[in-house]
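Worksheet: the structure to be examined is printed underneath.
The values are calculated or read from the model by the stated rules, or taken from the named source; none is laboratory data. Keep in mind the model is a prediction, meaning the values are calculated, not measured. Because the Cβ atoms are built from the backbone with ideal geometry, glycine has one as well, and the counts that use them run over all protein chains shown.
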Amino acid sequence: MPNREIHFRIKRQKGPDSPPYWEEFKMPYAPAHNVVSALMYLREHPVNAQGQRVEPVAWDANCMEEVCGACSMLINGVPRQACATLVDSLEQPIVLEPLSKFPLVRDLVVNRERMFSALRQVKAWIKIDGSQDIHRHAPLISPGLQSIRYLFSRCMTCGCCMEACPQFHPDSTFLGPAPLGQVWLHNSHPTGEYHKEERLHAIMGDGGITDCGNAQNCVKVCPKDIPLTDAIAELGRQTTVQWLRDLFRK
Amino acid sequence: MAAKPRVIVVGGGLGGLWAALRAAENGVSVDLFSLFPVKRSHSCCAQGGINAVLDIKGQHDSIHQHIVDTIKGGDYLADQPPIKTMCESAPGLIRTYDRMGVTFSRTPEGIMDQRLFGGVKNKRTCFAGATTGQQLLYAIDEQVRRFESEGKITKYETWEFLSIVKDDAGHCRGIAAMNLHDMKVHAFRGDAVILATGGLGLIWGKSTMSTNSTGAAAARVYQQGAKFANGEFVQFHPTGMLGHDKLRLMSEACRGEGGRIWVPRDPKDARDPRSIPEKDRFYFLEEWYPTYGNTVPRDVASRAIVKATRHLGLGVGGKDVVYLDLSHHPRQFLEDRLGGILDMYRTFSGEDPYTGPMKVFPAMHYSMGGILIGWEKDETTGGMKLVSPKNHATTIPGLFACGECDSGYHGANRLGANSLLSASFSGIIAGDAVAAYVKGRKQSAADVPESFFEAERKRQEDINHRLVSSTADENAFTLHRELGEIMMEHVYVERDNRGLDQALEGIRRLKERSQRIRLDDRGQWSNQSLSWARQIQDMIVLAEVITLGARLRDECRGSHFKAEFELKIPEGKFRGDPEYEAFRAQWKANNEKWLKTTVATYSPEGPRIDFQPIDLSVMAPTEPRDYR
């Protein structure tokens, strides 16, 4: 017999400089709710468990199909996509908290700009000479390489791996697993490889790949099962080779 | 010396990112505005693929055929020269995406693979696993990030577009936008503005679209004088998965791989569907369409599902639900062919589609209509000029539109895998168009008096102030739910004039009520209720445009269906048969009357509708659509 109501315990905070507090909500049970659809109910009926009408909880969401990466939060302590987490699969009360490693905006909303700036830092793009048609394709890519690259190209910058990583936190400079995965992705492309050196240098300094403590938490929480630790291991090899090259070049 | 040209792009999906990239490549500085980090845009939801004729499958596919399929697929309602140029540009676009590193699925030889999609006879669709839209979006996102790191594109993420700023000549000179953190409104100058704000599925309450696809931005420029075209043309996908929050798309591939649509013969049958024997199941598509069965086209399937549920009262449990069943197939077969899709169903429903049927119903999926745009014809090719300041220009000088929020390319119905194409192509064309436009400008936006910007900023601040201080009684989220109920009831797969009149009445009542919204959040920090309240007000305005267009169009064309005005192809009759030729004559007479673009102009009393001719210079409408 399912619960007759859905019971939430939500960590709230009015803004970055306000103190956090906990608030509980109870709403009527319906089958097939996910965490976001339940939050949608609560924003229309923002009444807490004490029966007080309160400001609706703030949260992020968009695609609702686990492809956009917007709705990451801690659900019963685990970083995951709220849209793809079914209420029926969770212990109650369901405890919702914002990701703890990123600057808080409000309630469950955080600012993950640091991830996007890391993508700029590691030059996670293929350098093309203009977007016009040059009447040529990219070089051929084997189906085998394509299928491995595809695993990494589905990274939605959701931040779950960053949240789970012990080396990534507000006081560290570590780039974190997701941007490293994108370095591997772009280094593995036949044209992207031309600028492999720039990307490797970007991860060889402070906050780079050597900051990885090999805790392996990232792969455990990645909602897309991206083999991040394989990429980090391979990048470890690539950076060592690069280091030796740089040494001889001096 | 005039200031360096600077343009504003609103929206960071495929259309907006391409427009920003092209403007930047042309040496124009770009300010890019988005409600959220652009990488989270709705383009990432497109699964199936992108059409481009590569002719690599030995089927003698041709660009001409792509043009014909697109024109006929849209039931002739789209201007044809832009379609011609889009289809001709598609292979080059694909080559560029390939160079950007998109992980397109490959043949054993390592070249890009292509597959078959609906409404066409040849394999023409490039794809990247089951996440083609996500892969294309990320590729262009990366290129834009490169320009961002070089200082050529500046992103304003978590900013909401509220309005354009017009000068005294009525030219668009910038925008007013709200920072979604501190909720402050700022005015920004731009020598041109491109709107690339996507679809409007949320007007139906729930749709296959992302929760930010409200159409509010399009509604805002419409209320400032941009004309809106063909709003009544909306594609309903027959198999949307039911949900509290969204109707997730269950791909057409489910039916393609043998999925069967059924309902219990007795709607009160309360048994677990798995234990309902064959004799008590009604496979209505198979009974009604013995030739095609479950693989009838999207619009036919959607209409049949509505007939079974709403007309015959046979919906599962008496509700708007039918079963889509694949459980007769062996698990291994399903995992190999449809694994990703079925896993999504399992994730979001908690039910196992490998052993029992899925619950589905037609869902609002795509808006063919949108902001009316112009284009310049290339008289030598008969297509659209590739670079012209007239391309994708709205009816407000200096304001352009591209992507799903525009009205181009798809006419009355969109072909599968043509949306990623039109989103990308229209972004390229719009980006090049603004670059040409700003080079020809006489006065820089930097020289426009500050008073225009301050007045607009103040007007928008005042709207916010009124909303947060309102003591009235309406809940913005409840209004949205009710709007969705009206649209799903009356402006859906099948329409009739009585229902549409009721819908118009209901929408007008909602419009009044939406002026009495009271917010549960009156704060000035990350106030999502305030943002939503403004969006629902604008969604209601657009709902009226859509519904009035549907009310006035007394015919069946593409996705727009009114049984009362249906012209049926005589069964078993073909070209040359007298019955068929009589039908063709009727069809042509109907085209004389209705083969026109619906154009809505804003007035405070409600939309004014006119009809505009269509450029049919590529392929005259002599052959009715006929998928037999």
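Anything in segment B:356-414 that is out of contact with any Asp or Glu (no Cβ under 9 Å at 6 or more places or on another chain) and among the polar types (S, T, N, Q)? List them, or say none. Within segment B:356-414, B:Thr380, B:Thr395, B:Ser407 qualify.
Is it the case that B:Thr598 is assigned by TED's automatic domain parsing to the domain that holds B:Leu467 and in a strand (DSSP E or B)? For B:Thr598, the condition - assigned by TED's automatic domain parsing to the domain that holds B:Leu467 and in a strand (DSSP E or B) - is met. Scanning segment B:462-514 for residues that are closer than 29 Å to A:Leu42 by Cβ and among the charged types (D, E, K, R) gives B:Arg466, B:Asp473, B:Glu474, B:Arg481, B:Glu482, B:Glu485, B:Glu489, B:Arg509, B:Lys511, B:Glu512, B:Arg513. B:His66 meets the conditions (1) touching a residue at least 60 places away in the same chain (Cβ under 8 Å); (2) more than 14 Å from chain A (Cβ to nearest Cβ) in every case but one. The failed one is (1). Annotation note: Cβ proximity below 8 Å between a residue of segment B:389-402 that is in a loop (DSSP other than H, G, I, E, B) and a residue that is of a type in the set (Ser, Thr, Tyr) (sequence gap 6+ or interchain) occurs for B:Pro389/B:Tyr437; B:His392/B:Ser426; B:Gly398/B:Tyr437; B:Cys402/B:Ser426. Closer than 24 Å to B:His490 by Cα, among the polar types (S, T, N, Q) and outside the structural domain of B:Glu571 (by TED's automatic domain parsing) - does that describe any residue in segment B:241-256? Checked segment B:241-256: no residue is closer than 24 Å to B:His490 by Cα, among the polar types (S, T, N, Q) and outside the structural domain of B:Glu571 (by TED's automatic domain parsing). The criterion of at least 2 residues that are more than 30 Å from B:Tyr138 (Cβ to Cβ) is met by the following strands (runs of 3 or more DSSP E) wholly inside segment A:1-77: A:5-12, A:21-28. Among the residues of segment B:324-367, the ones that are aromatic (Phe, Trp, Tyr) and over 26 Å from the mean Cα position of the chain (by Cα) come to 2 in all.
Within segment B:494-515, residues that are among the small types (Gly, Ala, Ser) reach partners that are buried (at least 17 other Cβ atoms within 10 Å of the Cβ) and not in a helix (DSSP H, G or I) with beta carbons closer than 8 Å, at six or more positions or on different chains, in the pairs B:Ala503/B:Val491; B:Ser514/B:Glu474.
Inspect all residues belonging to segment A:92-114 and state whether any of them is under 28 Å from A:Lys14 (Cβ atoms), assigned to a helix (DSSP H, G or I) and more than 9 Å from chain B (Cβ to nearest Cβ). Yes, there is a match, as at least one residue in segment A:92-114 is under 28 Å from A:Lys14 (Cβ atoms), assigned to a helix (DSSP H, G or I) and more than 9 Å from chain B (Cβ to nearest Cβ).
Residues that are out of contact with any strand residue (DSSP E or B) (no Cβ under 9 Å at 6 or more places or on another chain) and either under 21 Å from B:Thr478 (Cα atoms) or not charged (D, E, K, R) (or both) within segment A:1-17 comprise A:Met1, A:Pro2, A:Asn3, listed in sequence order. As a summary of the residue check, B:Met112 satisfies the conditions (1) away from chain A (no Cβ under 14 Å); (2) touching an Asp or Glu at 6+ places or on another chain (Cβ under 7 Å) except for the one numbered (1). Just one of (1) more than 20 Å from the chain's Cα centre (by Cα); (2) of a type in the set (Ser, Thr, Tyr); (3) within 13 Å of another protein chain (Cβ to nearest Cβ) fails for B:Ser43. It is (1).
The residues of segment A:28-57 that are more than 9 Å from every other protein chain (Cβ to nearest Cβ), free of Cβ contacts under 8 Å to residues at least 40 places away in the same chain and buried (at least 18 other Cβ atoms within 10 Å of the Cβ) amount to a single one, A:Leu42. A:Cys165 meets each of the listed conditions (1) surrounded by fewer than 22 Cβ atoms within 10 Å (Cβ to Cβ); (2) away from chain B (no Cβ under 12 Å); (3) modelled with pLDDT of 95 or more apart from (1). The number of residues in segment A:162-214 being free of Cβ contacts under 8 Å to residues at least 40 places away in the same chain and of a type outside the set (Phe, Trp, Tyr) comes to 12. Within segment B:80-109, being out of contact with any Asp or Glu (no Cβ under 6 Å at 6 or more places or on another chain), in a loop (DSSP other than H, G, I, E, B) and free of Cβ contacts under 8 Å to residues at least 40 places away in the same chain holds for B:Val102, B:Thr103, B:Phe104, B:Pro108, B:Glu109.
In segment B:9-48, the qualifying residues are those that are part of a strand (DSSP E or B) and small (Gly, Ala, Ser), and the one that is surrounded by the most Cβ atoms within 10 Å (Cβ to Cβ) is B:Ser34. The set of residues from segment A:181-200 being of a type outside the set (S, T, N, Q), at the interface with chain B (Cβ under 9 Å from one of its Cβ atoms) and assigned to a helix (DSSP H, G or I) comprises A:Leu185, A:His186, A:Gly192. Evaluate the following for B:Ala304: is it out of contact with any Lys or Arg (no Cβ under 9 Å at 6 or more places or on another chain) and aliphatic (A, V, I, L, M)? Yes: the conditions hold for B:Ala304.
Checked against (1) within 11 Å of another protein chain (Cβ to nearest Cβ); (2) aliphatic (A, V, I, L, M); (3) crowded, with 24+ Cβ neighbours inside 10 Å, A:Met73 meets all criteria but (1). Within segment B:329-352, is even one residue assigned to a strand (DSSP E or B), touching a Ser or Thr at 6+ places or on another chain (Cβ under 9 Å) and either in contact (Cβ under 8 Å) with a residue 12 or more places away in the chain or of a type in the set (Gly, Ala, Ser) (or both)? No - not one qualifying residue is present in segment B:329-352.
Restricting segment A:202-230 to residues that are assigned to a helix (DSSP H, G or I) and either in contact with a Ser or Thr (Cβ under 9 Å, 6 or more places away or on another chain) or acidic (Asp, Glu) (or both), the residue that is farthest from A:Glu65 (Cα to Cα) is A:Thr210. A:Ile141 meets the stated requirement of being touching a Pro at 6+ places or on another chain (Cβ under 7 Å) and not in a helix (DSSP H, G or I). Candidates are the residues of segment A:117-131 that are without any contact (Cβ under 8 Å) to a residue 60 or more places away in the chain and surrounded by 13 or more Cβ atoms within 10 Å (Cβ to Cβ); the one that is nearest to the chain's Cα centre (by Cα) is A:Ser117.
Among the residues making up segment B:436-473, those that are of a type in the set (Asp, Glu) and either more than 23 Å from B:Val7 (Cβ to Cβ) or crowded, with 20+ Cβ neighbours inside 10 Å (or both) are B:Glu456, B:Glu461, B:Asp462, B:Asp473.
What residue, among those in segment B:145-189 that are of a type in the set (S, T, N, Q) and within 12 Å of chain A (Cβ to nearest Cβ), is nearest to B:Gln460 (Cα to Cα)? The extreme case among them is B:Asn179.
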